[in-house]
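The values are calculated or read from the model by the stated rules, or taken from the named source; none is laboratory data. The structure presented is a predicted model; accordingly, all values stated were derived computationally and were not measured. Neighbour counts run over all protein chains shown; Cβ positions are idealised from the backbone, glycine included.
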Amino acid sequence: MSALEYDPSQTALYHPEAQPSAFASVPAQGDLSLAVEAARLAYLRTEESDAARLTLKITLSSQGFGQPEYFRHGPTGSEGFGTLRDDGCALIALRGTQIDRIKDLISDVQVMRMTWTPGHGQVHSGFAKAALGLWPSIQTWLDDTAHQRTSLTITGHSLGAAIATLLAEPAGADLLVTLGSPRVGDPDFIQGLAAQKKLRVMRLVDCCDVVTELVPASLGFDHVHGLGYIDHNGVLQASFSHAQILEDQEKARVDYLMRYARHPENVFLRDWADHAPINYVRAFW
């Protein structure tokens, strides 16, 4: 059982940045816990607030990381940050969809496929445009501030997970961690990413998270490998079978209707509540 309580609130889903960092209570215990909380920290609205920038700086400093570099692409509204630790570990976190940002929503619905020139195959055009918009500033940071890095972790939630997946190969990442990622590319893209021998992938799916069932496979999209399923109790299950996952999801939906669905401040369905980043973070705290 997770030490963090499950959070069914609309605030957790729509404003992931509103909650204090999990780092404030317990330091990251390894690469995965660092990556999942960094994906949530990417939602801090550093472009709007000095306080948000200070919060991010202090939070990253508590884990040994230096001053963050902010990445932003105005035309698509995509955002993220990069930071470097004294031991040479570089971290890039990409922001997911913000419900009040029309540009994020536009990126999500552009489901036509386009050729992914930095890698292989064809990919979701909206995600690709967001990734390509951020790539020049990320590449500059990698070649400059982080040029002596010893490793690179790239992470993101939702739309940020899709962007992280696309940029993992051109960035030369060692570890890709995604939270609640939609499908991103066709089988050729998936195969090309899998061929990156040094890249370790953890594609986290929190129980009933409906976003992980988007974009439809019928449109030619597929998921990257490396599934890590988080069960309804918030426990990471790396070896659950498909049948076990379906059984666990059924239990989760029934439990949610009984305990949480009727409260007006909560998300009505577990399929959406499970997409909240904090409900991924709880599997690592």
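Could you grab me the full set of residues in the stretch 193-213 that are surrounded by fewer than 16 Cβ atoms within 10 Å (Cβ to Cβ) and in contact with a Phe, Trp or Tyr (Cβ under 9 Å, 6 or more places away or on another chain)?
Once the filter is applied, which keeps residues that are surrounded by fewer than 16 Cβ atoms within 10 Å (Cβ to Cβ) and in contact with a Phe, Trp or Tyr (Cβ under 9 Å, 6 or more places away or on another chain), the stretch 193-213 yields only 210.
Matching residues to (1) in contact with a Leu (Cβ under 8 Å, 6 or more places away or on another chain); (2) over 23 Å from residue 283 (Cα atoms); (3) among the β-branched types (Val, Ile, Thr):
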position: 14; (1), (2), (3): no, no, no
position: 24; (1), (2), (3): no, no, no
position: 70; (1), (2), (3): no, yes, no
position: 78; (1), (2), (3): yes, yes, no
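What's the number of the condition residue 247 fails, among (1) without any contact (Cβ under 8 Å) to a residue 12 or more places away in the chain; (2) in contact with a Cys (Cβ under 7 Å, 6 or more places away or on another chain)?
(2)
Against the definition (more than 21 Å from residue 113 (Cβ to Cβ), of a type in the set (Asp, Glu) and surrounded by fewer than 24 Cβ atoms within 10 Å (Cβ to Cβ)), how does residue 188 come out, yes or no?
Spelling it out, it is not the case that residue 188 is more than 21 Å from residue 113 (Cβ to Cβ), of a type in the set (Asp, Glu) and surrounded by fewer than 24 Cβ atoms within 10 Å (Cβ to Cβ).
Show me the strands (runs of 3 or more DSSP E) found entirely inside the stretch 28-99 where at least 3 residues are closer than 17 Å to residue 165 by Cα.
Output list reads 78-84, 89-94.
Looking at 205, 215, 211, 224, which is the one that is in contact (Cβ under 8 Å) with a residue 12 or more places away in the chain and assigned to a strand (DSSP E or B)?
So the residue among 205, 215, 211, 224 that is in contact (Cβ under 8 Å) with a residue 12 or more places away in the chain and assigned to a strand (DSSP E or B) is 205.
So, residue 156, is that one farther than 23 Å from residue 219 by Cα, touching a Gly at 6+ places or on another chain (Cβ under 9 Å) and modelled with pLDDT of 95 or more or not?
Yes; evaluated as a whole, the condition is true for this residue.
Name every residue in the stretch 173-198 that is in a loop (DSSP other than H, G, I, E, B) and more than 14 Å from residue 82 (Cα to Cα), in order of residue number.
Correct list: 174, 180, 181, 182, 183, 184, 186, 195, 196, 197, 198.
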